[in-house]
1. I'd like the residue in the stretch 50-80 that is more than 27 Å from GLY20 (Cα to Cα) and among the small types (Gly, Ala, Ser) and, out of all such residues, is surrounded by the most Cβ atoms within 10 Å (Cβ to Cβ).
2. Quick one: what pairs do we get from the stretch 35-49, first residue on the phi < 0 side of the Ramachandran plot and surrounded by 21 or more Cβ atoms within 10 Å (Cβ to Cβ), second in a helix (DSSP H, G or I) and among the small types (Gly, Ala, Ser), C-beta under 8 Å, 6+ apart or different chains?
3. Cβ-Cβ below 8 Å, separation at least six or inter-chain, first residue in the stretch 89-105 and under 12 Å from ASP118 (Cβ atoms), second assigned to a loop (DSSP other than H, G, I, E, B) and of a type in the set (Asp, Glu): which pairs?
4. Test HIS183 against the stated conditions and say whether it is assigned to a strand (DSSP E or B) and either free of Cβ contacts under 8 Å to residues at least 60 places away in the same chain or within 21 Å of PRO96 (Cα to Cα) (or both).
5. Looking only at the stretch 31-54, decide whether some residue is closer than 21 Å to ASP105 by Cα, among the charged types (D, E, K, R) and under 16 Å from the mean Cα position of the chain (by Cα).
6. Return the residues of the stretch 183-205 that are within 15 Å of SER28 (Cα to Cα) and in contact with a Lys or Arg (Cβ under 8 Å, 6 or more places away or on another chain); say none if nothing qualifies.
7. Taking only the stretch 29-48 into account, find how many residues are part of a helix (DSSP H, G or I) and not charged (D, E, K, R).
8. Given (1) surrounded by fewer than 13 Cβ atoms within 10 Å (Cβ to Cβ); (2) touching a strand residue (DSSP E or B) at 6+ places or on another chain (Cβ under 7 Å); (3) hydrophobic (A, V, I, L, M, F, W, C), where does LEU116 come up short, assuming only one miss?
Amino acid sequence: MSAGAPPLPAPLPVWTADPGWRRIDLLSDVHLHADMPRTFAAWRRHLLDTPADAVLMLGDLFEVWIGDDARDGDFEADCLAVLREAAGDKVLGFLPGNRDFLLGDAMAADAGLQRLADPTVLQARAMRDASQAHQAAMDPAQWADVDDTAAAAWLAASGCPALIHGHTHRPARHALPGGRTRHVLGDWDFDHGTPRARALVLTREGLAPLDLAATA
């Protein structure tokens, strides 16, 4: 993100979490593909086993999605079956990336996906209030220092404390002016070299990193 970032739309779309939820998982850049069976298996295992009330998949869930007509293919049908099963007991949010922007309403409806606009404000007030109370008890030295001012300007304009995004494949946590934070999600790959899958978990204690490769 640079100082030349485009202006924010007004108002930003808001996606409201149920006040009773205890956990939201956020992940991106899974890049599901028939040639990556271990990555598929890890994604399936997490999606079906996570205790999260909702899982938000923020871009490039698929390595490539050529259109909803393709969902009848063998691998696509396997992915669809996983999403349908997971949607039976948790909310699934989906924000398309540059590799799966052709995923349309037909696939979303079949899979039980709730489409998210880019960007979307996640309103999780019960979790946020608990998180702020938790942060207030921390020593300020534990907070991260200032970083990207352009991202902070976006957050200030939208009234949000944190920006979460994927796509860059560089998982990190960046401190921003005003006590705000930019969280970068990691990509998934269990099929080439050392396995990796970095996500985030939002609970009443705030945002925390989740290394799914370490728990596989």
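1. ALA70
2. So the pair list comes out as ALA42/ALA213; LEU47/ALA86.
3. Qualifying pairs under 8 Å: LEU95/ASP118; PRO96/ASP118; GLY97/ASP29; GLY97/ASP60; ASN98/ASP60.
4. Values: assigned to a strand (DSSP E or B): yes; either free of Cβ contacts under 8 Å to residues at least 60 places away in the same chain or within 21 Å of PRO96 (Cα to Cα) (or both): yes.
Yes: the conditions hold for HIS183.
5. There is no residue in the stretch 31-54 that is closer than 21 Å to ASP105 by Cα, among the charged types (D, E, K, R) and under 16 Å from the mean Cα position of the chain (by Cα).
6. Going through the stretch 183-205, the residues within 15 Å of SER28 (Cα to Cα) turn out to be 183-190, 196-202.
Within the stretch 183-205, HIS183, VAL184, LEU185, GLY186, ASP187, TRP188, ASP189, PHE190, VAL201, LEU202 qualify.
7. Going through the stretch 29-48, the residues part of a helix (DSSP H, G or I) turn out to be 37-48.
From what is left, the residues that are not charged (D, E, K, R) are 37, 39-43, 46-48.
Counting residues in the stretch 29-48 that are part of a helix (DSSP H, G or I) and not charged (D, E, K, R) gives 9.
8. (1)
The values are calculated or read from the model by the stated rules, or taken from the named source; none is laboratory data. Computed from a predicted model, the values in this text were never measured in an experiment. Every residue, glycine as well, gets a Cβ built from its backbone with ideal geometry; the counts of neighbours run over all protein chains shown.
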